[in-house]
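Trainee: Please see the structure below; I have some questions.
The values are calculated or read from the model by the stated rules, or taken from the named source; none is laboratory data. Values in this document were obtained by computation on a predicted structure and should not be read as measured data. Virtual Cβ from ideal backbone geometry, glycine too; neighbours counted across all protein chains shown. Surface areas here come from the heavy atoms of the whole protein model, side chains and all, with no ligands, DNA or RNA. Shrake-Rupley method; radii C 1.70, N 1.55, O 1.52, S 1.80 Å.
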Amino acid sequence: MTKWVYSFGGGSAEGRADMKNLLGGKGANLAEMSSLGLPVPPGFTITTEVCTYFYANNRTYPADLEAQVEAALAGLEKAMNAKFGDAENPLLVSVRSGARASMPGMMDTVLNLGLNDATVEGLARRANDPRFAYDSYRRFIQMYGQVVLGVDHHHFEELLESHKNDVGAGLDTDLKAEDWKEIVKGYKAVVERELGEPFPQDPNRQLWGAIGAVFGSWMNQRAITYRRLHGIPADWGTAVNVQCMVFGNMGDDCATGVAFTRNPSTGANEFYGEYLVNAQGEDVVAGIRTPQHLTIAGKEANKSTLPAMEEVMPDVFKQLLEVREKLEKHYRDMQDIEFTVQQKKLYMLQTRTGKRTAQAALKIAVDLAREGLIDRKEAVRRIDPASLDQLLHPRLDPKAKKEILARGLPASPGAASGAVVFSADEAEDRAQKGESVILVRIETSPEDIHGMHAAKGILTTRGGMTSHAAVVARGMGRACVCGAGDLRIDYKAQTMSVRGKTIKAGETITIDGSTGEVMAGAVPTIQPELSGDFATLMSWADEIRTMKVRANAETPLDARTARKFGAEGIGLARTEHMFFEGDRIVAVREMIMADDAEGRKKALAKLLPMQRGDFEELFRIMEGLPVTIRLLDPPLHEFLPKTEAEFEEMAKATGKDLAAIRHRAAALHEANPMLGHRGCRLAITWPEIPEMQARAIFEAACNVQKETGTPVCPEIMIPLIATVKEFEILKKIVDEVGAAVMKEKGVKIDYLTGTMIELPRAALLADKIAESAEFFSYGTNDLTQTCYGLSRDDAGSFLPDYQKQGIFEQDPFVSIDPEGVGELVRIATERGRKTRKKLKLGICGEHGGDPASVFFCQEVGLDYVSCSPYRVPIARLAAAQAVLMGKREIATTA
């Protein structure tokens, strides 16, 4: 018989922390905390295998599941000395999700399950507190009504706000027992009005309804979106955790809270969290009430006037500190914990590896290594390479003038400017059009996940440092300011106002998630200063990795940026990018308009000193590191005029009439230019172009080598090779020009001539091409296009649908396709090195900065990857992790 249910509590458990795949992260950690002797309310976990069965069998359950749940429930009744559904001594439970990867707020939860019109009276008598009992009942009706029955939450919220206004109550805690009884009646009436049937009173029906809703929420839109954004497979499924209720809303000696064992924004080794007196867990994370700080230090740092838990409940706080230390030592990582205090007794409801910013992840990993909890290799493993992107972009200029509108809590660091939008849908729509937006909400909910991802930053007027907005923003690397309570948001009027100033939708604001400031307009930024922890961890990564990391760069700024981020050379300098400025584009157009080779040479002579100067600058910056220069690649039509004014300017520069220029432009038009007269094909038909470029490269190399005394290492790359003969013809031109220039200059340059493998035919003929070519660089952008028959510029219109339907797991232009494109790379690598054992191999497409693709490159045995300058640290770290893990999977900081 398959075991579908695992129990925990009372100092023992049937599960363990390493059973996350079966029990989900929450269930596995509840079992582990129970075994550690921590105060965990007893419960049981229904495994992820049931979720898989549920979706494979038309949302039904295994035949023997019900009996196993009944047996586990009987165990809870015995442990708590209470009876599920009993009117005198009712057992109440929570029903929560728990996937193997943390997905905060994305799936459904139901608290206080088991309450009905009879058991609420029993709870009131046993607690001697009718107010608490009916507060719990109204919470249950609202949660169950929304999560299981599908009644929109605004129906309940409007009724509650209306009642509070009628009785003059400012907060929920101001309401008395009689108020909650009235609200319960109203809530039940809402359910009956919306559904046409009464709120369910049978606790067993309630339980199975909640279990089904949690399993069902694995496929809700917000969970699907979150999985897509975080690369979580849909077939993992979720577990369901059923746990005895403990109550933080029984009075002023009760509380609920969320804490992190270290600061999740900065990584500082300080206890960080919030709590609310007389509340239940969703009150903290939903941002409905502004929570209080756990520590006096946190309270003072955020200028709060509300008392800290350290002051109000010192004994419980001391226990919580002991739990903090025990959990962090046990898990050897920063933990995100949830707790409830019921009548001064502490209960632990959850622990999981805490979401954190990239800055915090670096500091925590380095600190834990220095503290001896983990070693350096584990520290390197811990950092998600893609998260480093957060650290490598600009921050607000401290000297810039700022008009501060309001201040909130610094929930997720970084600065962002953008147009104000008040809905997640609008944020997504405008971001897709290329606009920068700031999502402004009273509070966010899991339904806002798509808009939060699309926005540059998030601003809320309610909620604290552990609210939904803060946790999700930190995980996504978005700047976030929470709890800016001075702001007044009017969704209907689409305005945000503060102290007499009104900001309308579409107007620009800036937020600083490191300080909590909200500013009018766009505030200038400056380049980031990388921390000592960044340098430390990257040095540890560099000691481990075996693959080199270069940069794609052709401007001095990009080259210097690449060096700053640790690039070990240039893997792709795209010479065509040097042709579009000022006088250069005019000379290029003169070349295109020339009637013969002599005319083209005359125009190219104007470009020669410009190209030489470009290469000299790159060689100086790289100081002897290899520089791979790709000869002209794109089709000529890309250089032609686009506007009437440009046509007239070209006519003036070339001395030809407009009609002739238009005729020439029409003659150069191609139905499919990416597969047309470009790359080596253009070089073979117009050899004056590679002759000029080769001369510029060799003259620059000789000049800089003479000037600096440091050897210059040019690698000349011939693009779009499909045949051996193409390569041999162009290599002969390069070698002849090189020999002539070195003779003229009296300088010997060690150079390589190689090719870009970007056509399937070239990959298949790699053994023959390698007879002449001294290096291959895989141009995986074009190799993906030609392998799939996809246009990178046009595929965006349907690729999202392919991903949604599971045809593609990922966009093949973002992460390399190991089965198709990757197989061509394997073939070319094996065949090329069979011919030339020391053939230098690299990758220079966009995939060079994608962690999963870097893992693939390590596995195949490439010598280097090359990527954009800002992705160099990402590639360095991914290359180290590839060595440590030896398989294609990226690290994740849960």
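Trainee: Take region 798-810 and flag every residue that is open to solvent by 40 Å² or more (accessible area, probe 1.4 Å) and either under 23 Å from C867 (Cα atoms) or not charged (D, E, K, R) (or both). Spell out how you get there, then give the answer.
Mentor: Just the residues of region 798-810 that are open to solvent by 40 Å² or more (accessible area, probe 1.4 Å), to begin with: 798, 800-807, 809-810.
If the condition is that a residue be open to solvent by 40 Å² or more (accessible area, probe 1.4 Å) and either under 23 Å from C867 (Cα atoms) or not charged (D, E, K, R) (or both), then F798, P800, Y802, Q803, Q805, G806, I807, E809, Q810 are the ones that fit.
Trainee: Does any residue in region 180-192 that is closer than 12 Å to D135 by Cα come within less than 6 Å, Cβ to Cβ, of a residue that is in a helix (DSSP H, G or I) and open to solvent by 20 Å² or more (accessible area, probe 1.4 Å) six or more places away or on a different chain, and which pairs are these?
Mentor: Pairs found: W180/Y134; K181/Y134; I183/H163; V184/Y134.
Trainee: Within region 430-450, which residues are small (G, A, S) and under 13 Å from A419 (Cα atoms)? Break it down into steps so the answer makes sense when it comes.
Mentor: Going through region 430-450, the residues small (G, A, S) turn out to be 431, 434, 436, 445.
Answer for region 430-450, where residues must be small (G, A, S) and under 13 Å from A419 (Cα atoms): A431, G434, S436.
Trainee: Would you mention how many residues in region 485-506 are small (G, A, S) and over 16 Å from G418 (Cβ atoms)? Reasoning before the result, please.
Mentor: First, the residues of region 485-506 that are small (G, A, S): 485, 493, 497, 500, 505-506.
Among the residues that remain, those that are also over 16 Å from G418 (Cβ atoms) are: 485, 493, 497, 500.
So the answer is 4.
Trainee: Pick from region 1-40 the residues that are over 25 Å from the mean Cα position of the chain (by Cα) and polar (S, T, N, Q): which of them is nearest to E66 (Cα to Cα)?
Mentor: That would be T2.
Trainee: Of (1) within 15 Å of I458 (Cβ to Cβ); (2) open to solvent by 60 Å² or more (accessible area, probe 1.4 Å), E529 satisfies all except one. Which?
Mentor: The failed condition is (1).
Trainee: Collect the residues in region 378-400 that are in contact with a helix residue (DSSP H, G or I) (Cβ under 9 Å, 6 or more places away or on another chain) and not in a loop (DSSP other than H, G, I, E, B), keeping them in residue-number order.
Mentor: Residues of region 378-400 in contact with a helix residue (DSSP H, G or I) (Cβ under 9 Å, 6 or more places away or on another chain): 378-393.
Selection gives E378, A379, V380, R381, R382, P385, A386, S387, L388, D389, Q390, L391.
Trainee: Scan region 862-891 residue by residue and report those that are part of a helix (DSSP H, G or I) and modelled with pLDDT under 90. Break it down stepwise before answering.
Mentor: Residues of region 862-891 part of a helix (DSSP H, G or I): 869-885.
Listed by number, the residues that qualify are P869, Y870, R871, M885.
Trainee: Counting only residues that are closer than 27 Å to L783 by Cα and open to solvent by 50 Å² or more (accessible area, probe 1.4 Å), give me the helices (runs of 4 or more DSSP H) lying completely in region 649-756 with at least 3 of them.
Mentor: 680-685, 724-745
Trainee: Do you know which residues across region 327-371 are of a type in the set (F, W, Y) and over 17 Å from F317 (Cβ atoms)?
Mentor: Y331
Trainee: Counting just the residues of region 532-562 that are polar (S, T, N, Q) and in contact (Cβ under 8 Å) with a residue 40 or more places away in the chain, which one comes out surrounded by the most Cβ atoms within 10 Å (Cβ to Cβ)?
Mentor: Taking region 532-562 and keeping what is polar (S, T, N, Q), we get 536, 539, 546, 552, 555, 561.
Filter once more, keeping what is in contact (Cβ under 8 Å) with a residue 40 or more places away in the chain: 536, 546, 552, 561.
On the way: T536: 18, T546: 11, N552: 25, T561: 19.
Across region 532-562, the extreme among qualifying residues is N552.
Trainee: Give region 724-752 a look and list any residue that's in contact with a Cys (Cβ under 9 Å, 6 or more places away or on another chain) and within 28 Å of G845 (Cβ to Cβ), or say none.
Mentor: The answer is E726, F727, I729, L730, I749, D750, Y751, L752.
Trainee: Scanning for something of a type in the set (G, A, S) and either in a helix (DSSP H, G or I) or farther than 22 Å from V724 by Cβ (or both), does region 773-788 turn up at least one residue?
Mentor: So in region 773-788, the residues of a type in the set (G, A, S) come out as 773, 777, 779.
Going one step further and asking which of them are either in a helix (DSSP H, G or I) or farther than 22 Å from V724 by Cβ (or both), we end up with none.
Within region 773-788, none of the residues are of a type in the set (G, A, S) and either in a helix (DSSP H, G or I) or farther than 22 Å from V724 by Cβ (or both).
Trainee: Collect the residues in region 584-620 that are surrounded by fewer than 18 Cβ atoms within 10 Å (Cβ to Cβ), more than 21 Å from A666 (Cβ to Cβ) and acidic (D, E), keeping them in residue-number order.
Mentor: Listed by number, the residues that qualify are E598, E617.
Trainee: Those residues that are within 30 Å of D384 (Cβ to Cβ), in contact with a Gly (Cβ under 6 Å, 6 or more places away or on another chain) and polar (S, T, N, Q), I need them from region 467-513; list them, please.
Mentor: S467
Trainee: Shifting gears a bit: Determine whether region 653-671 contains at least one residue that is β-branched (V, I, T), in contact with a helix residue (DSSP H, G or I) (Cβ under 6 Å, 6 or more places away or on another chain) and under 30 Å from A773 (Cβ atoms).
Mentor: Our first condition is that a residue be β-branched (V, I, T); within region 653-671, this holds for 654, 661.
After this cut, where a residue has to be in contact with a helix residue (DSSP H, G or I) (Cβ under 6 Å, 6 or more places away or on another chain) as well, the list is 654, 661.
Keeping just the survivors that are under 30 Å from A773 (Cβ atoms) gives none.
Checked region 653-671: no residue is β-branched (V, I, T), in contact with a helix residue (DSSP H, G or I) (Cβ under 6 Å, 6 or more places away or on another chain) and under 30 Å from A773 (Cβ atoms).
Trainee: Take the conditions part of a loop (DSSP other than H, G, I, E, B) and open to solvent by 70 Å² or more (accessible area, probe 1.4 Å) and apply them to E66. Does it pass? Full working, then the answer.
Mentor: Values: part of a loop (DSSP other than H, G, I, E, B): no; open to solvent by 70 Å² or more (accessible area, probe 1.4 Å): yes.
So E66 fails the test.
Trainee: State yes or no: is K642 open to solvent by 60 Å² or more (accessible area, probe 1.4 Å), more than 30 Å from G566 (Cα to Cα) and under 39 Å from the mean Cα position of the chain (by Cα)?
Mentor: On the way: open to solvent by 60 Å² or more (accessible area, probe 1.4 Å): yes; more than 30 Å from G566 (Cα to Cα): yes; under 39 Å from the mean Cα position of the chain (by Cα): yes.
Yes: the conditions hold for K642.
Trainee: Kindly establish whether R792 is open to solvent by 60 Å² or more (accessible area, probe 1.4 Å), outside any strand (DSSP E or B), among the charged types (D, E, K, R) and at pLDDT 95 or above.
Mentor: Working: open to solvent by 60 Å² or more (accessible area, probe 1.4 Å): yes; outside any strand (DSSP E or B): yes; among the charged types (D, E, K, R): yes; at pLDDT 95 or above: no.
Spelling it out, it is not the case that R792 is open to solvent by 60 Å² or more (accessible area, probe 1.4 Å), outside any strand (DSSP E or B), among the charged types (D, E, K, R) and at pLDDT 95 or above.
Trainee: Mind listing whichever residues of region 831-861 are touching a Phe, Trp or Tyr at 6+ places or on another chain (Cβ under 8 Å) and assigned to a loop (DSSP other than H, G, I, E, B)?
Mentor: Matches in region 831-861: L839, C844, G845.
Trainee: Moving on to the next point. For region 177-269, list the helices (runs of 4 or more DSSP H) that sit wholly inside it and hold at least 2 residues that are among the hydrophobic types (A, V, I, L, M, F, W, C) and open to solvent by 20 Å² or more (accessible area, probe 1.4 Å); which are they? If you could, list the steps in order and put the result at the bottom.
Mentor: Values: elements: 177-195, 203-217, 221-230.
Here the list reads 177-195, 221-230.
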